[in-house]
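Reading through the structure tokens given below for one structure.
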Amino acid sequence: MEKSYRFYTNEACSFLPCHKTEDLENFNCLFCYCPLYMLEEKCGGNFEIKGGVKDCSNCMIPHKPNGYEYINEKLGEYIANKAIERLSEED
């Protein structure tokens, strides 16, 4: 697979699939734990708040073939916004 660093399925994982899916062939395990969890409601994913805890069980963003691009874009936005905030604080 071209750009295989962006996508792989860990067929040896005892939790595969960790989310309900009809398309196991295109299930990406690269972001087993989503790096966007920290963005709370700004992650853009399909999550719920249960008992005060973010539940991402219904979110497939990190596990879709284009999840790598989506996550990197969101992280880039987050970093850029933090840099802008810092510069504003320095003024």
(message) Need the failing condition index for ALA12 against (1) aliphatic (A, V, I, L, M); (2) in a loop (DSSP other than H, G, I, E, B); (3) surrounded by 11 or more Cβ atoms within 10 Å (Cβ to Cβ), just the number.
(response) (3)
(request) Kindly provide the set of residues from region 20-32 that are surrounded by 14 or more Cβ atoms within 10 Å (Cβ to Cβ), farther than 17 Å from LYS74 by Cα and not hydroxyl-bearing (Ser, Thr, Tyr), ordered by number. (result) PHE27, ASN28, CYS29
(message) Show the residue pairs meeting these rules: Cβ distance below 7 Å; 6+ apart or different chains; first residue within region 62-91 and on the phi < 0 side of the Ramachandran plot and charged (D, E, K, R); second residue assigned to a helix (DSSP H, G or I) and surrounded by 10 or more Cβ atoms within 10 Å (Cβ to Cβ).
(response) LYS74/LEU39; LYS74/CYS43
(request) Show the residue pairs that are 6+ apart or on different chains and have beta-carbon atoms under 6 Å apart, the first residue being within region 21-39 and in contact (Cβ under 8 Å) with a residue 24 or more places away in the chain, the second being of a type in the set (Gly, Ala, Ser). (result) ASN28/GLY67
(message) I need a count of the residues in region 33-78 that are surrounded by fewer than 11 Cβ atoms within 10 Å (Cβ to Cβ), within 12 Å of the chain's Cα centre (by Cα) and of a type in the set (A, V, I, L, M).
(response) 0
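Just so you know, all these numbers are worked out from the coordinates, no wet-lab data involved. A quick note: this is a predicted structure, and the numbers were derived from the prediction, not measured. Cβ coordinates were reconstructed from backbone atoms using ideal geometry, including for glycine residues, and neighbour counts include every protein chain displayed.
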